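Below is one structure, written out as structure tokens; the observations come after it.
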2 protein chains.
Amino acid sequence: MTVQVLLPRGFRAAGYTCGIKASGKSDLALFVSDGPASAAGVFTTNRVCGAPVIVSRSRVPTGTARAVIINSGNSNAATGDPGIANAQRMTAVLAELLGCGPEDVLVCSTGVIGVPLPMPLLLEGIPQATRKLADDGQSLLDAATAMMTTDTFPKLSSLDLHLAGGGVRIAGVCKGAAMIAPNMATMLGVVMTDAVLTPAQCTELLRAGVDETFNCISVDGHMSTSDTVLLLASGASGVRPSIEDLALLGDGIRQVCQNLATSIIRDAEGADHFITVDVSGIVSREAAQRMARAICDSALVKTAITGGDPNWGRIVSAAGYSGVAFDPAWLSLRINGTEVYRAGTPAVFDAAAVSQGLKAQREVHLELRLSGGPESGDCAVRFWTSDLTAEYVRLNSEYTT
Amino acid sequence: MTVQVLLPRGFRAAGYTCGIKASGKSDLALFVSDGPASAAGVFTTNRVCGAPVIVSRSRVPTGTARAVIINSGNSNAATGDPGIANAQRMTAVLAELLGCGPEDVLVCSTGVIGVPLPMPLLLEGIPQATRKLADDGQSLLDAATAMMTTDTFPKLSSLDLHLAGGGVRIAGVCKGAAMIAPNMATMLGVVMTDAVLTPAQCTELLRAGVDETFNCISVDGHMSTSDTVLLLASGASGVRPSIEDLALLGDGIRQVCQNLATSIIRDAEGADHFITVDVSGIVSREAAQRMARAICDSALVKTAITGGDPNWGRIVSAAGYSGVAFDPAWLSLRINGTEVYRAGTPAVFDAAAVSQGLKAQREVHLELRLSGGPESGDCAVRFWTSDLTAEYVRLNSEYTT
């Protein structure tokens, strides 16, 4: 996971320990572009959002950024006007050290909700962190590690692309293990590339990439107050993508986003299973997403998989209440390749064998298909989720977020 | 709970053991009106619904019914065309014994999904059950008991009303402990009254009553395939309500529905807490319901309460992603009477005392109030939910529904 992940040209990163976390683990991450980078961001649609979301969302429309500053251990959410002042101050302090304006710095925070940021620790830590900025893979790993809260491993992904115009690199980091049910964006993620991109291109590529990745995962159906994914393009490769190259670059950004998003599911709190949900034959992508999300958010579907129970009734009934119009007579379901429900009626299958498979392996594949009827169509989506275990309940009844 | 619950005049009930359940517990309930009763029903909006829902929904528009037949232990859902034939056959057998047409009998089933009904057991059991029909409280208790699946106690409620035109009685029964997230109706419920009502009045009183009770509870956010609530009015009291009496009768039906619906939450699988959620100051009832439901369906809110954690951040953030537009600067929250969040900022409160209260008592009261701003209004709703425990996970990873 953590090997061979390299920064794109024109970027430096750092991780540092300010002392925000009682555990003494690192809590401050910096991502800095040598010059003004084209920038785009997508943010939580939660009405109760963190102060950093409010500040960063107001700055993204400028289309460029020099840096991203992220602290973990405190989300600076639901902290009122003093929280906004603190988020602005974090960016101003870093901006002065980098020699740019505060509006060129984007900010994210993650951790406990409703507690004022410990500003003295941050004011002392930010200058220290800038001294650690470097352009190697270790610095990126340090930064990814400093973003973690209940994550058990840092989440990084990078990709080298050979475009017609030359080689470019994409690298991304993210964090998250619970309060995962994104809409527009999820958790904290930073994606960087050294391709030459306009701000409008950044926005388009990021939105498209996030829509099929970060917006297709769910741990517990609870949308965070802090969800943010940012894309920065330094242009340091000198490669200005052609129209064809832009499609390749978009695929690459989507792939990096997918690697990051699925790593969140692999690290889902207390989870025993990694569940891939394919929904197909649906009239619109939006309807397919709604159906997949209903399945991914069902506690009864999740606990059935925890128990190794091929309980297809819970899965098709979740599809049934998703709000999507369909005739069950055209609906079929496979669990790990075995057809368990065919055209609206129970299929004959070896339940013991399917149960054995669910118990023996961590990966689970659910395929729900509408194969006809007036309400069917050509749209398909893939979602990812985790199961629901007693360990999830223990973690979340004992930990304050 | 089970004392002093009496049948309205003109009704008989019975419970019987056909042998559908491996446990050997009773599994067949009958509710019979001496003559044609005015009838109304509300049903699950799940696209994947049980065969009995399809059959009963098609019969309710006739406006009258003689009987309701309910089996537990098998939901006859996702069973295709043979399932519909089996549901029709159940009604035909009872209709012949009662001397009415099959279309005068409504049918409900609850239990495992996707398994054919054991028809030989039912065909033998239905005549036996009719011999036990009686108009006393014990028969109503027997019928309520025969509807149970994972319920730990039978759910009954009755009320005597003194209208201007004379005395009438309302009695109701229901079942349910999981797969509870109703929309239009929930689980199985039968409400009976001896008032003289037209079918249109039945429909109006049932819809209004259910909307504020059964439609305001959630255990796990998973809408059942079998949700049904029926209202039968025998007219045997001879009391034909005036306009004023109709309002009183509506209140009475709502009260019986509320007693039944909250008893489902008191029996929620694995739950340690009974949570009442009041949302107020909202622009529309629909918006207030959406906000309350988001809070009730959040695994993070539920596990916080399980852990005795006054974690208001999880509660206000669930309101924030409910899809309802509001400005958090006008939002306040009380937990068990203590203000923990005021006008968008954390309130100073004794967290240890609130936590102690959550741990010491089963009842929890959450009050979320929007007290101003352009998006506020006069609407309020009350919802009821349960917490999420490791025991819920254990029950639902070991039990096939």
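Output, in nm with one decimal and in ascending order, the distances from the A:Pro36 label point to the matching label points of the other copies (7 Å from Cα along Cα-to-Cβ).
Those separations, rounded to one decimal, come out as 8.1 nm.
Can you show me the helix-derived [θ] at 222 nm for chain B, built from DSSP H runs with n ≥ 4 at -39,500 (n - 2.57) apiece and divided by the number of residues, rounded to the nearest 500. Don't skip to the end; give the middle numbers.
Working: 11 runs with 137 residues, N = 401.
When only DSSP H runs of four or more count, the value is -10500 deg cm²/dmol.
Just going by the charge dipole of chain A, with Lys and Arg at +1 and Asp and Glu at -1 on Cβ, which of A:Leu133, A:Asn311, A:Thr225 is farthest out on the positive end?
A:Leu133
On the first, second and third principal axes, largest extent first, how far apart are the outermost C-alpha atoms of the protein assembly as shown in Å?
Result, largest extent first: 89, 55, 39 Å.
Other chains' Cβ within 10 Å of B:321-334 residues: what's the mean?
Across the residues of B:321-334, the mean count of other-chain Cβ atoms within 10 Å is 3.
Using the scaling law 2.2 N^0.38 Å as the reference, what is the normalised Cα Rg of region B:274-398? Don't skip to the end; give the middle numbers.
On the way: Rg = 14.3 Å, N = 125, 2.2 N^0.38 = 13.8 Å.
Output field value: 1.04.
Report Rg(Cα)/(2.2 N^0.38 Å) for region A:1-117, keeping two decimals. Numbers along the way, then the final one.
Details: Rg = 14.2 Å, N = 117, 2.2 N^0.38 = 13.4 Å.
Ratio of Cα Rg to 2.2 N^0.38 Å: 1.06.
Under a 5 Å amide H to amide H cut-off, with H placed in plane at 1.01 Å, what residues pair with A:Asp327 once short-range neighbours are removed?
A:Glu375
Exactly which GluC sites (Glu not before Pro) in region A:272-372 are in a DSSP loop and have at most 12 other Cβ atoms within 10 Å? Before the final figure, lay out the partial values.
Numbers: sites: A:Glu286, A:Glu339, A:Glu363, A:Glu367; in loops: none.
Hits after loop and neighbour filter: nothing returned.
Taking only Cα atoms and a 10 Å spring cutoff, compute GNM fluctuations for chain A and point out the largest among A:Asp251, A:Asp151, A:Asp81.
Most flexible of the set in this elastic network: A:Asp81.
Only sites in a loop by DSSP and with at most 11 other Cβ atoms within 10 Å count here; which trypsin sites (Lys or Arg not before Pro) in region A:46-76 make the cut? Don't skip to the answer; put the middle values down first.
Values: sites: A:Arg47, A:Arg57, A:Arg59, A:Arg66; in loops: A:Arg47.
Here no loop site has a sparse enough neighbourhood.
Assuming a viscosity of 0.692 mPa s and a temperature of 37 °C, what translational diffusion coefficient in µm² per second does Stokes-Einstein assign to region A:220-345, Rh being the Kirkwood radius over Cα pairs?
188 µm²/s
How much space per residue, in cubic angstrom, does the convex hull of the C-alpha atoms of region A:62-208 take up? All intermediate terms of the calculation are to be shown ahead of the outcome.
Numbers: hull volume 20.3 nm³, N = 147.
So the per-residue hull volume is 138 Å³.
Between the helical axis of A:137-146 and the dominant principal axis of chain A, each derived from Cα atoms, what acute angle in degrees is found, rounded to the nearest 10?
70 degrees
Compute the relative contact order of region B:274-398 as a whole-number percentage, counting only Cα pairs closer than 8 Å that sit 6 or more residues apart in sequence. Don't jump to the answer; show the numbers that get you there.
Values: 232 pairs, mean separation 56.5, N = 125.
Result for region B:274-398 is 45 percent.
Cα to Cα, under 30 Å, and not fewer than 8 places away if on the same chain: which lysines meet these conditions relative to A:Lys25?
Here the lysines satisfying the reach criterion relative to A:Lys25 are A:Lys132, A:Lys155, A:Lys175, B:Lys302.
Give me, ordered by chain and number, the residues 5 or more places off A:Asp387 or on other chains with an amide H under 5 Å from its own placed amide H.
A:Asp272, A:His273
Kindly write out, for region B:34-43 in residue order, the coupling ³J(HN,Hα) from the Karplus curve 6.51 cos²θ - 1.76 cosθ + 1.60 (θ = phi - 60°), rounded to whole Hz, with x marking Gly and Pro.
4, x, x, 9, 5, 9, 9, x, 10, 10
Choose one of A:Gln4, A:Met90, A:Leu28: the residue whose Cα lies farthest towards the positive end of the charge dipole of chain A (beta-carbon charges +1 Lys, Arg; -1 Asp, Glu; about the Cα centre).
A:Met90
Rounded to the nearest 20 Debye, what is the dipole magnitude of chain A about its Cα centre when Lys and Arg each give +1 and Asp and Glu each give -1 at the C-beta?
Values: 30 positive and 38 negative charges, 78 e Å.
Using only the charged Cβ atoms, the result is roughly 380 debye.
To the nearest 20 Debye, how big is the dipole of region A:199-305 about its Cα centre, given +1 on the beta carbon of each Lys and Arg and -1 on that of each Asp and Glu?
Values: 8 positive and 14 negative charges, 21 e Å.
Its charge dipole is roughly 100 debye.
Could you state the per residue volume, in Å³, of the convex hull enclosing the Cα atoms of region B:227-288?
Per-residue hull volume (Cα only) is 151 Å³.
Could you tell me the distance between the Cα centroids of region A:1-69 and region A:124-144, to the nearest Å?
Region A:1-69 and region A:124-144 have Cα centres separated by 12 Å.
Quick one: what are the phi-derived ³J(HN,Hα) couplings along region A:271-281, Karplus 6.51/-1.76/1.60 with θ = phi - 60°, whole Hz, x for glycine and proline?
6, 9, 10, 10, 10, 9, 10, 9, 10, 9, x
What distance in nm lies between label points placed 7 Å from Cα along the C-beta direction at B:Glu398 and A:Ser371?
About 3.8 nm, to one decimal.
Please figure out what share of the DSSP beta bridges in chain A is antiparallel and state it in percent, rounded to the nearest 5. All intermediate terms of the calculation are to be shown ahead of the outcome.
Values: 54 of 77 bridges.
Bridges in chain A are about 70 percent antiparallel.
Taking only C-alpha pairs under 8 Å that are 6+ residues apart, what is the relative contact order of region A:242-337 in percent? Numbers along the way, then the final one.
On the way: 43 pairs, mean separation 20.7, N = 96.
Answer for region A:242-337 is 22 percent.
How are the Cα pair distances of region A:39-107 distributed, in percent, across 5 Å bins from 0?
Result, from short to long distances: 3, 18, 29, 26, 17, 5, 1 percent.
Work through the residues other than B:Ile69 whose Cβ is under 15 Å from its Cβ and net out their charges, Lys, Arg +1 and Asp, Glu -1. Could the numbers behind the result be given before it?
Numbers: positive: B:Arg12, B:Arg59, B:Arg66, B:Arg89, B:Arg131, B:Lys132, B:Lys175; negative: B:Asp27, B:Glu96, B:Glu103, B:Asp104, B:Glu124, B:Asp142.
Its environment carries a net charge of +1.
Can you work out ³J(HN,Hα) from phi for every residue in region B:331-339, in order, using Karplus 6.51 cos²θ - 1.76 cosθ + 1.60 and θ = phi - 60°, giving whole Hz and x for Gly and Pro?
Whole-Hz 3J(HN,Hα) from phi for region B:331-339: 9, 9, 9, 10, 10, 6, x, 8, 6.
Quick one: with label points 7 Å out along Cα→Cβ, list the inter-copy distances for A:Ala353 in nm, shortest first?
6.4
Averaged across the residues of B:306-313, what count of C-beta atoms belonging to other chains lies within 10 Å of each residue's C-beta?
Values: counts 5, 8, 2, 6, 1, 8, 3, 12.
Going residue by residue through B:306-313 and averaging, the value is 6.
Report the equivalent ellipsoid semi-axes for chain A in whole Å, largest first, defined as the square roots of five times the eigenvalues of the gyration tensor built from alpha carbon atoms. List each step's numbers first, then the result.
Details: eigenvalues 291, 115, 64 Å².
Ellipsoid semi-axes (Å, largest first): 38, 24, 18.
Placing the label point 7 Å from Cα along the Cα-to-Cβ direction, what are the distances from A:Ala200 to the equivalent spots in the other copies, shortest first, in nm to one decimal?
6.0
I need to check one value: relative contact order of chain A, counting alpha carbon pairs closer than 8 Å and at least 6 residues apart, in percent. Walk me through the numbers on the way to the answer.
Details: 1048 pairs, mean separation 69.9, N = 401.
17 percent.
Give the long-range amide H neighbours of A:Cys108: residues separated by 5 or more places, or on another chain, with amide H under 5 Å away, using H modelled in the peptide plane at 1.01 Å from N.
Under 5 Å from the amide H of A:Cys108: A:Ile69, A:Ile70, A:Asn71.
Placing unit charges on C-beta atoms (Lys and Arg positive, Asp and Glu negative, everything else neutral), compute the dipole magnitude of region A:274-398 about its Cα centre in debye, rounded to 20. Don't skip to the answer; put the middle values down first.
Working: 12 positive and 14 negative charges, 13 e Å.
Rounded to the nearest 20 debye, it is 60 debye.
Take A:Arg207 and A:Asp350, extend 7 Å from each Cα along the Cα→Cβ direction, and tell me the distance between the two endpoints in nm.
5.0 nm
Towards the positive end of the charge dipole of chain B, with charges on Cβ (+1 Lys, Arg; -1 Asp, Glu), say which of B:Ile113, B:Phe349, B:Asn215 has the farthest Cα.
B:Ile113
Read-outs: derived from the displayed coordinates by stated rules, not from any lab. Because the structure is predicted, anything quoted here is derived from the model rather than measured. No Cβ is skipped: glycine too gets one built from the backbone with ideal geometry, and neighbour counts run over all protein chains shown.
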